[in-house]
Amino acid sequence: MLSDRERSQFALIEQGLMSGDPLFVARCSALGRKVRRLRPATATRTARSAGRRSVHAAGLVPTILLGGGLLLLVLGGAAAAVPIVVAGILMAMAALGLALTAPQRARPDTP
């Protein structure tokens, strides 16, 4: 939530943008209308998130691979060791690829 001060600043920015670049405002408005048509506001939260995929829903292996890959990225960056960073990037990419292709399981917190 924005404070009253932030809302007034946001309104000033909007007014300046509308007067300064009306073509950009028209394009953004058209894009907003397209997005609202694709995803109606009446959709429930569970219906919106039903099509989303996550590493957690793919299982334990992609989650561990992603965590290990990110750990290698941080350690390799701190040690300035390029091969460790590359290994971390490859491990993270493998984890995300595995999560994308693995069958999704229902998470315990979703009905």
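Stretching the chain fully between SER3 and LEU75 yields a gain of 22.0 nm (0.36 nm per residue, less the alpha carbon separation). Extension gain for the segment LYS34 to THR101, taken as residue separation times 0.36 nm less the Cα-Cα distance, is 21.2 nm to one decimal.
Throughout, read-outs are computed from the coordinates displayed, never taken from laboratory work. Since the structure is predicted, the reported quantities are computational estimates derived from the model, not experimental observations.
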